[in-house]
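The values are calculated or read from the model by the stated rules, or taken from the named source; none is laboratory data. Computed from a prediction, not measured in an experiment: that's the story for all the values here. Here the Cβ is made from the backbone with ideal geometry for all residues, glycine too, and neighbour counts use every protein chain on show. Accessible surface is based on the protein model in full, side chains and every heavy atom, while ligands, DNA and RNA are left aside. Shrake-Rupley method; radii C 1.70, N 1.55, O 1.52, S 1.80 Å.
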Amino acid sequence: MRLPISLRTLIVALSLLAIPISWAQIPAQLLDEGWLFHAGDLESVADAQTPATFAGEPVHMPHDWAAAGPFDPEEHGGTGKLPWKGIGWYRTELDIPAEAEGQRVYLDFDGAMAFPVIYLNGEEVGSWDYGYTPFRIDITDHVKAGESNVLAVKLDTQKWSSRWYPGAGLYRKVTLVFDQQIHFANWGVGVSTDGDELLGLPAENAILSIEVENHTDAETALVIETEILDPAGKTVATETLEASALSDATTHLGMELHVANPELWDVDSPKLYAAKVKLLDSEGELLDEYETNFGFRTFAFTADDGFHLNGRRVQLKGVNLHSDLGPLGMAFNYHAQKRQLEIMMEMGVNAIRTSHNPPAKELLELCDELGLVVWDEVFDKWGWTAGRDDLTPPLMPFAHRQIENTLKRDRNHPSVVIWSIGNEVQGGDAGDGITPERTAMLAGFARTIDAHRPIAMACHIPPLTNGENFASLDLAGWNYARRYARFRSVWPEKPIVYSESASAFSTRGYYDPELATRKSDYGKPYEISSYDVTAAYWSDVPDKEFELMENDSYVAGEFVWTGFDYIGEPTPYDAQSRSSYFGIVDLCGFLKDRFFIYRSHWREDVDTTHILPHWNWEGREGKNVPVFVYTNGDSAELFLNGESLGMRRKGERPERGPNLAASATATASSGESAALAIDSELSTAWIAGEEDQPSLTIDLGQLHPISTIQLETNGKEHFYAYVIETSKNGKKWKQIVEKGTEDLEEWQGVTRILHQVEAEGRYLRISFAENLGESETGLSDVKVFSNPTTNDYYDVTYDYRLRWDEVTYQPGELKAVSYKDGEVIGEATVETTGKPVALRLTPEKTEVAADGQEFVYVTAEAVDSKGRAYPLADNEITFSVSGAGEFQATGNGDSYSFVSFSSPVRKLFYGKAQLIVRPLAGNGGTITITAEAEGLESATIEVLAK
Ligand code: GAL
């Protein structure tokens, strides 16, 4: 807007009067040094005023006060058994330059857990109420320029609740920002692009929405100069806007710059543009500058054909990630985050869901640069896990604050394609649960900040789709078990993402050669077999989800729960263990075998041949050890000590002998459709009717040995109690199975159950004693086999894995050669190793920056005399670090270990342990790392910090 000259002159004159300041731009300061941390409360805030009264220890920032432990084995494992509940204080001194007099001064917090109260020079200057969102505190009126100012932050996690480990403290960055009295607002330059994916209209205009804060009482004339830089850094568009900033207010302005044929941001080639925006007064004096990356791309979520990006369908191959960084806890570190994402991309991941909270902003910068699309999530539920334990403060203003800060901060990232306003929000009666009104208000508010991305929520209760709860969402995420199918039948025009899939379990390196017969057979506590045949009862093995994604191409793709193991939620050993089993890689980032199932299915550009288990089975000679091969090929041949054990092809599902029930007859004590229980059709069922204790009797026609009975119950099986009996003559009965009920959530549970028995009979009778569910008592499928057979639930695994379930173990060399279209594409070998004689250390990098930030990750193993890693090693290692680095943490992927992450003594867990070293900030030099263990030759390596 151009103002009349006379008015402009007047405003300039006024504004010069109103800003009696030096125009020196003071650079923002990252506050990462000089902090002290005090565990527990202070008697009074005055104690923070001097180091002498504060009694704190120096800490590196960002900082998580609870990560170092100690673990409390008696605590519930849900939040990691770490001491994150409590009060903690941080203190530092801010040297505010004299030139700051008359300027605006702000503190920007990227994330503080939880309920931070900020004090400057003993005076409370601000607070915040959600542990995951960034916020700004204006300290202009409290700061003393030209002096040292004491900054103290109190955090109190006592009223914070979580379903995972939330960390504690100033776990993301804190920055001190100086501004003129007229400046861009925090996150005050939004850049979006135009274009329409569905209409095929290209994106070629950058649309800026600019907020200018004017803290003077004069309306002021301004000039805004914008420059767009292409990915090579060349200026490709410029534009100038003359405007005026209203007095004592925030002025909203817009600009649009044309860029012809821009290079597109895409998952395959993430091209980033930059907008450089300058704020000048009418004399041409620079007031503020803002630089932000953005990208040109078009995308759409469609109801019938998934996700489209830049004109083509892109299958989302995603993972959920919580915010912790394994042994580092929640303390954010750029390099650790980058390492996580790179490991995921190596597997074929192209999408990240930041479950269930806004990530550190650097995660989005990385996703922009690496080419990952992001589901950016603001909340888990809206009640207790949002820090609203007692449902205060009121949901709407609270949620608006969090949505506003998240969306404003994150809106320029081309990687972000979905805003999620919640995960698994319960129904209307559960605190602040889903109601059509609440969903509409939150989605509507989000759209006022960004109208360019779909507003979504991850849902989990299919019956909730029937009302208007989801009417205001642009897109629905559904968690697990194809629950999205019901939603699609109610809302066929809404796009769907499989926001959580799998929730499969495994412990890296541990194998139970007795394969599970149901997905909920977990073998021994507190480890879960890496044959990858188990999952939470509400979810499925990876292969099942692959099949769904192939069949249901209207779904945009899946986000696996989870990419990495995380601290907390160690289902199914929630009470006992301290970190999860869900991860495709373990807490240290060591690959589980599952990594290769995904890589072989997701990555077309590289060949994968992976064999499992290890081949050290002393004591199992002559006994069975199943062997699986994961490959992108279509077949493989297995050799044990040079002898072929045959070729297997994908899609060859097991022969399981005749299903005796298929040729049987069935009668029922009540209900008329007994035959439907044995017709091998899941869509038809015998329904018992009103009778109290109904039973179904199957006549197999003649006497048979009975080994396996597989039932598909009408409702979820955990609601039913029943007994199964056999009889030779239909008169005398023998009980072979007794099953009770289980108390689970209404929407949880499975319908399939497999009973392995040793019995004989012509007749089989299933008598129901109890049904706690709402579904009628009944059976949709019964299968009976004479030979012990596997659950046909697992048939789908034969489409994605190559399985040799019966291999007789003998030590030596086991080799798989994989093929694609008749051509060899790779091979993989495991060997029986000798007992370990020495330690080996392998750093992930041999050179790191001497910036105090780029950690060195080192893998420790125990090797035999031929240098082969012993896969079962559990030796206790003592690490030491000297020279240009210092010890940071250790881990080994054991979810049930209560050794502190800050202990330099760590056992190998199934042959591996991890040491994390922090290079000292400074001139660099050699970091010397040593590992020692009793009875083994020690190992020493050197890493260069530069
Ligand atoms: C989901 C939930 C996740 C995690 C997961 C484990 O229902 O959204 O946060 O708890 O279950 O399977």
Show Y722, Y819 ordered by accessible area, largest first, where the area counts protein heavy atoms only and the probe is 1.4 Å. Y819, Y722
Distance from a point 7 Å along Cα→Cβ of E124 to each backbone N in the range 133-157: keep the residues under 20 Å and list them by number. 135-143, 150-157
Within the range 697-766, DSSP-loop trypsin sites (Lys or Arg not before Pro) with at most 12 other C-beta atoms within 10 Å are K731, K732
What are the ³J(HN,Hα) couplings of the range 687-692, residue after residue, when phi is run through the Karplus curve with 6.51, -1.76, 1.60 and θ = phi - 60°? Round to Hz, x for glycine and proline. 10, 6, x, 7, 3, 5
Taking the Cα atoms only, what angle lies between the long axis of helix 395-410 and the longest principal axis of the chain, rounded to 10 degrees? 80
Using per-residue counts of other Cβ atoms within 10 Å, averaged over each peptide, order 647-655, 690-698 from highest down. 690-698, 647-655
Using the structure shown, list the pairs from K317/K361; K734/K783; K81/K835; K519/K716; K835/K912 with a Cα-Cα distance above 26 Å, or answer none. K81/K835
Derived scalar couplings ³J(HN,Hα) [the range 710-723; Karplus, 6.51 cos²θ - 1.76 cosθ + 1.60; whole Hz; x for Gly, Pro]: 10, 10, 10, 7, 5, x, 5, 4, 5, 7, 9, 10, 7, 10
What's the Cα-based Rg to Rh of the chain, Rh via Kirkwood? 1.01
So E827 and D795, fully extended at 0.36 nm per residue minus their Cα-Cα distance, gain in nm 9.0 nm
H308 accessible area, nearest 10 Å², 1.4 Å probe? 40
Run the simple label-point estimate for H452 and V807 please: 7 Å along Cα→C-beta, distance reported in nm. 5.2
Does the range 188-294 come out rounded, prolate or oblate by the C-alpha gyration tensor, with a ≥ b ≥ c the root eigenvalues, rounded set by a/c under 1.5 and, if not, prolate when a/b is larger than b/c and oblate if not? prolate
Search the structure for amide H atoms under 5 Å from the amide H of G885, placed 1.01 Å from N in the peptide plane, and list their residues when 5 or more places away or on another chain. L920, T928
For the range 476-607, what does the equivalent ellipsoid look like in terms of its semi-axes, each the square root of 5 times an eigenvalue of the Cα gyration tensor, given largest first in whole Å? 26, 17, 14
Within the chain, helix-based [θ] at 222 nm, where runs of 4 or more DSSP H residues each add -39,500 (n - 2.57), nearest 500: -3000 deg cm²/dmol
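Could you grab the Rg to Rh ratio for the range 838-945? Cα atoms only, Kirkwood for Rh.
Working: Rg = 13.4 Å, Rh = 13.7 Å.
My calculation puts Rg/Rh at 0.97.
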Any chance you could give the angle, 0 to 90 degrees and rounded to 10, that helix 436-449 forms with the longest Cα principal axis of the chain? 50
Rounded to whole Hz and in sequence order, give me ³J(HN,Hα) for the range 108-124 from the Karplus expression 6.51 cos²θ - 1.76 cosθ + 1.60, θ = phi - 60°, writing x for Gly and Pro. 9, 9, 7, x, 9, 10, 9, 6, x, 10, 10, 10, 10, 6, x, 10, 5
With just the Cα atoms defining each centre, how far is the range 185-234 from the range 907-946? Give it in Å. 48
Along Cα→Cβ, 7 Å out, is where each label goes; now give me the distance between the ones at E291 and S880 in nm to one decimal. 4.6
For a Förster distance of 25 Å, can you work out the FRET efficiency between the beta-carbons of K866 and N923, rounded to the nearest 0.05? 0.05
Can you give the FRET efficiency to the nearest 0.05 for R620 and Q756, using r as the Cβ-Cβ distance and R₀ = 22 Å? 0.55
Which whole-number percentage describes the relative contact order of the range 838-945, with Cα contacts under 8 Å and a sequence gap of 6 or more? 38
Per the 1/(1 + (r/R0)^6) rule, R0 = 25 Å and r from the Cβ atoms of N787 and D743, FRET efficiency to 0.05 is 0.10
Quote to one decimal, in nm, the extra length available between A98 and K732 on full extension: 0.36 nm per residue of separation minus the C-alpha distance between them. 218.4 nm
How much length is gained on full extension from A838 to K276, taking 0.36 nm per residue of separation minus their Cα-Cα distance? 196.7 nm
To the nearest 10 degrees, the tilt of helix 5-18 (Cα long axis) against the first principal axis of the alpha carbons of the chain is 90
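Convex hull over the alpha-carbon atoms of the range 660-789: what's its volume per residue in Å³?
About 94 Å³ per residue, rounded to a whole number.
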State, to one decimal in nm, how far the label point of T667 lies from the label point of S775, with both points 7 Å from Cα in the Cβ direction. 2.7
Carbon/sulfur fraction of accessible area - the range 219-261, other protein chains in place, 1.4 Å, %: 44
Can you give me the C-alpha center-to-center distance between the range 511-564 and the range 671-740, rounded to a whole angstrom? 28
Backbone N under 18 Å from the T435 label point (7 Å along Cα→Cβ), restricted to the range 384-414: 384, 390-400
Could you tell me how far the Cα centroid of the range 373-429 sits from the Cα centroid of the range 636-652, in Å? 50
Output ordering of 468-475, 350-357 (per-residue mean of other Cβ within 10 Å, highest first) is 350-357, 468-475
Between Y171 and residues 5 or more places away or on another chain, which pairs have amide H atoms under 5 Å apart, with H built 1.01 Å from N, and which residues are they? H63, M113
